[in-house]
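Each reported figure results from applying straightforward, stated rules to the coordinates on display, with no laboratory input. These numbers come from a predicted model, not from an experiment.
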Amino acid sequence: MKHLVNCVLISSVSLLMGACTRIGALCSDGTTTTETGPDACSLQGGIDQWQTEPTTFFWVFLLIMTAMLIIAQRAD
């Protein structure tokens, strides 16, 4: 059971990496914007960093993975 949980966790990392939604950007000049498209910060020197927040999928997935780990530990 523990091996199965480890396999599921490892194969699910790619899902978690895409489990965020853009909510804005921090521009190169230090200003922020709520724009999320490719032209965000175009007049401020470009995008320094995207601002994101986890999606609902992320939280549901995290809850399921936590439950699987608890079950696996109790089975050992």
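Numerical summary
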quantity: Amide hydrogen neighbours beyond the local backbone of C20, cut-off 5 Å, H modeled; calculated: T55
quantity: Under 5 Å, built H, 5+ apart or other chain: amide partners of T33; calculated: A25, C27
